[in-house]
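What follows is calculated from the coordinates using simple rules that are stated; it is not laboratory data. Here the structure is a predicted model, which is why all the values come from computation and not from measurement. No Cβ is skipped: glycine too gets one built from the backbone with ideal geometry, and neighbour counts run over all protein chains shown.
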Amino acid sequence: MKSIWFSLDISLDQLNEMGKGNMAELLGMEFTEIGPDCLRAMMPVDHRTKQPYGLLHGGASAALAETMGSVASALIIDPEKQICVGLEINANHVRGIKEGYVHALVKPLHIGGSTHVWDIRITDDQHKLVCVSRLTVAVLPKRGV
């Protein structure tokens with residue numbers, strides 16, 4: 001399968017470095033796989049990502065989903081000519097989880113010239129669906145180019 005990524009020289013170390021100093025680092029997100037048309041990451045279910053009932057916070061799932069789709073879009077565009085920003089996200093929280101890790105898989109539903117639409121599936125350690133999300137990203141021209 002042909003890769004969808006703009007550059008084939010991206011590594012997991014580089015992806016995880018992109019998360020330093022922002023929400024990805026704060027919530028403990030870690031990229032674990034780069035496929036030809038997908039990315040995988042994981043996030044702990046701990047004091048940073050739980051709500052008061054001890055369950056994974058829906059906002060933490062949404063943050064993981066938006067991070068996954070945004071990074072995927074950033075890997076598709078020409079960074080010299082374009083930027084990408086989140087336009088819309090939805091998330092259906094289908095299962096509560098109290099411990100362990102959640103694992104996210106992002107795959108494209110649409111890769112257009114001005115928008116990307118991503119499907120993000122978040123599962124628990126037993127591969128049970130926790131959250132399904134869709135992210136739409138706007139692709140904009142970089143100013144001054």
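Numbers below:
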| read-out | value |
| --- | --- |
| In sequence order, calculated HN-Hα J values of the stretch 62-79 (Karplus, 6.51, -1.76, 1.60; Hz; x Gly/Pro) | 5, 5, 5, 4, 5, 4, 4, x, 5, 5, 4, 4, 4, 7, 9, 6, 7, x |
| Estimated D of the chain in µm² per second, where Rh is the Kirkwood radius over Cα pairs and Stokes-Einstein applies at 4 °C, 1.567 mPa s | 84 µm²/s |
| Label-to-label distance, nm, for residues given as V85 and L129 (7 Å Cα→Cβ offset) | 3.2 nm |
| More than 12 angstrom apart: percent of Cα pairs within the stretch 63-105 | 69 percent |
| Residue-span extension gain [S11 to L105] - 0.36 nm each, minus C-alpha spacing | 32.2 nm |
| Cleavage-rule hits, chymotrypsin sites (Phe, Trp or Tyr not before Pro), the stretch 26-124, DSSP coil, Cβ neighbours within 10 Å at most 14 | Y53 |
| Cα-centred dipole magnitude for the chain, charges only on beta-carbon of K, R (+1) and D, E (-1), debye, nearest 20 | 380 debye |
